[in-house]
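A short worksheet on the structure shown next.
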Amino acid sequence: MTVKQFVRFESSSYITGDIARIKEKNLGREECQFIANAIAVFGGYNDYSEVED
C-alpha cells in the first residue's frame, strides 16, 4: 500500500461511512475532522478536502 492509498482509506474512515459514525461517537466530530486532516497532511496534501477529489 502506498502512502497516498493509506491517506485516502484511513482519513476517509474518520469522515464517511459506518466506521466514521462509530469513531465520531467515541471522539466527536471535530476530533475526527482534525485526525482526517492530520493524516492528509502526512500524505502530502494541505487538508482532507484535497483527498476527497
How many angstrom lie between the Cα centre of region 30-48 and the Cα centre of region 1-22? 10 Å
First select every other residue whose beta carbon is under 12 angstrom from the beta carbon of GLN33; then total the charges, Lys and Arg +1, Asp and Glu -1. -2
Taking a probe of 1.4 Å, how large is the accessible area per residue of the chain, in Å²? 73 Å²
Ignoring any ligand, DNA or RNA, what whole percent of the accessible area of the chain comes from carbon and sulfur when the probe is 1.4 angstrom? 54 percent
Grab the other residues whose beta carbon is less than 11 angstrom from that of MET1, score K and R as +1, D and E as -1, and report the net. +1
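The values are calculated or read from the model by the stated rules, or taken from the named source; none is laboratory data. This is a predicted model, so every value here is computed, not measured. Please note: Cβ atoms are built from the backbone with ideal geometry, for glycine as well, and neighbour counts cover all protein chains shown. Side chains are part of the model used for accessible areas, which takes the heavy atoms of the whole protein and leaves out ligands, DNA and RNA. Shrake-Rupley method; radii C 1.70, N 1.55, O 1.52, S 1.80 Å.
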